[in-house]
Amino acid sequence: MEKSPKFAPKITGALVLADGTVFYGQGFGAIGETIGEVCFNTAITGYQEILTDPSYNQQIVAFTAPHIGNVGANDGDEEASSNNGKHGAIGAITKAIPTQPSNWRSQTDLSTWMVNRNIIGLAGIDTRALTHIIREKGMPHGAIAHNVDGKFDIENLQKRAQIWAGLEGSDLAKEVSTSDDFDFAEKIWHWPQGVEAVKDAKFHVVVMDFGTKANILRDLGEIGARVTVVPANTPAQKIIDLKPDGVLLSNGPGDPAATGEYSVATIKGVIDAKIPVFGICLGHQMLGLALGGKTLKMKQGHHGANHPVKDLRTGKVEIVSMNHGFALDSASLPDDVIETHVSLFDGSNCGISHKTKKVFSVQYHPEASPGPKDSFYLFQNFAKKMDEAKNKGETRIATN
């Protein structure tokens, strides 16, 4: 008896790495081709928050979790907060074609949502094999393509991946930062009322927008802050003139050394004005540079919502959300800067504070989205530092 042939889905998508490795599969989302850095993310929830995180600008995200797309997409889970438009990942790779959504909050399916955001998807490949390549060789440059005809110029895609400049040396914060100041005064989403406005704000916080996530702004709302978001290249005096109780340095994409060419001077000016400063992710790296440290490119980076980080002061271990491909070099930190947190995966730096100034930062994402809420206390610590500065009546010093 003759066996029936196995079903073989039509090839409509491909991933071509700079070294010539090719993965064929089924395309979904946007049609077209794009080049970026390929990384993997181990989070088991929150794919929409991940794909809309501006820190993923010029990156293609391979999801190691199998259930991507099951809950669809909705406006409430968008993390790109800039008034410049839609920012985030340029590609998404999954084990299986996303299923039709099954969730009461869903407004559309993942593939349709990705079309609207111009994100190219590739499914049906061996994501474990791709993850192994990244773990062993680092994050490669790659070209992701989706063509309903299944025709790809592999040689050309490989060449484009090879000559792509990459993230090292690239200032990507300017691409995702807001172009104009804007105000924000909302709290995080709570069941069943949803998002509520901040009333009778206790603090005014200025956020330097290197690619800030919406939930950072909402967590500031949770501690009673109204927020003014300003462009990444805003000078120190303009920030001081806004009379903030604190300044938050946001997350964002690209090489911190490149962004630091114009923002380090601003951060130094804010610190000199005795304004409390809190840095997150790229903002952590920017604060480290402003305090005299150096940054380095990581081999595979940290991308997920299940990373263990140890607080060296208390011995407490937090499970945190992470998304970064650069890190502060612990060995470069000056004597007046304290290393407060380290990764338990590889020992890399995950937090700093200054011995005498009210400034501190962490490499991970205390606002989560997706991820656990172990680290919300950092926003509360920021509120405490702002309270202390207000109670002391510390003078704001002009920088000009």
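Read-outs throughout are calculated quantities, based only on the coordinates presented, and are distinct from any laboratory measurement. Every value quoted in this text rests on a predicted model; they were computed, and no experiment measured them. Don't worry about glycine lacking a Cβ; one is built from the backbone with ideal geometry, like all the others, and counts go over all protein chains shown.
Net charge in the neighbourhood of residue 296 (other residues with Cβ under 13 Å of its Cβ; Lys, Arg +1, Asp, Glu -1) is -1. Of the residues 338, 172, 35, the one whose Cα sits farthest towards the positive end of the charge dipole of the chain is 338 (charges of +1 on Lys and Arg Cβ, -1 on Asp and Glu Cβ, taken about the Cα centre). Reported to the nearest whole Å, the Cα centre-to-centre distance from segment 89-104 to segment 180-241 is 30.
Computed extension length for residue 294-residue 272: 5.9 nm, one decimal, from 0.36 nm per residue of separation with the Cα-Cα distance subtracted.
Judged by the mean number of other Cβ atoms found within 10 Å, the most tightly packed of the peptides 342-348, 247-253 leads the ranking 247-253, 342-348.
Its Cα centre serving as origin, the chain has a Cβ charge dipole (Lys and Arg +1, Asp and Glu -1) of approximately 500 debye. For the listed peptides 36-44, 168-176, a ranking on the average number of other beta carbons within 10 Å per residue, highest first, reads 36-44, 168-176. Put a plus charge on the Cβ of each Lys and Arg, a minus charge on the Cβ of each Asp and Glu, and nothing anywhere else: the dipole of segment 13-163 about its Cα centre is then about 200 debye. Residue 165 to residue 346: FRET efficiency via 1/(1 + (r/R0)^6), r the Cβ-Cβ distance, R0 25 Å, to the nearest 0.05? The value I calculate is 0.40.
In the list (1) 32.3, 111; (2) 21.5, 89; (3) 21.5, 75, the label attached to Rg and Dmax of the Cα atoms in Å as derived from the coordinates here is (2). For segment 1-107, the share of DSSP beta bridges that are antiparallel, to the nearest 5, is 35%.
When the chain is treated as a GNM with alpha-carbon contacts under 10 Å, the residue of 190, 204, 284 showing the greatest mean-square fluctuation is 190.
Summary of the geometry: segment 271-290 and segment 16-60, compared by the centres of their Cα atoms, lie 30 Å apart. Pair-distance distribution P(r) for segment 112-226, from all Cα-Cα distances in 10 Å bins starting at 0: 10, 24, 27, 21, 15, 3, 0 percent. For the residue pairs 174/268; 199/238; 238/390, alpha carbon separations beyond 22 Å are given by 199/238. If a spin label sat at a point 7 angstrom from the Cα of residue 391 along the line to its beta carbon, the backbone N atoms of segment 189-221 nearer than 20 Å would be those of 201-205. Applying the Karplus relation 6.51 cos²θ - 1.76 cosθ + 1.60 with θ = phi - 60° to segment 42-55 yields 3J(HN,Hα) values of 9, 5, 9, 9, x, 4, 6, 4, 5, 5, 9, 6, x, 4 Hz, where x marks Gly and Pro. Put a plus charge on the Cβ of each Lys and Arg, a minus charge on the Cβ of each Asp and Glu, and nothing anywhere else: the dipole of segment 173-392 about its Cα centre is then about 440 debye.
Out of all DSSP beta bridges with both ends in the chain, state the antiparallel percent to the nearest 5. If I count the DSSP bridges inside the chain, around 60 percent turn out antiparallel. Under a Gaussian network description of the chain, with springs only between Cα atoms under 10 Å, the residue in 75, 335, 387 that fluctuates furthest is 335. Using the Cβ-Cβ distance between residue 22 and residue 44 with R0 = 30 Å, the FRET efficiency computed as 1/(1 + (r/R0)^6) comes to roughly 0.60. Highest mobility in the GNM of the chain, judged by mean-square fluctuation with C-alpha springs under 10 Å and restricted to 149, 255, 219, is found for 149. Here residue 67 and residue 191 are evaluated by their C-beta separation; at R0 = 22 Å the FRET efficiency comes out at 0.50.
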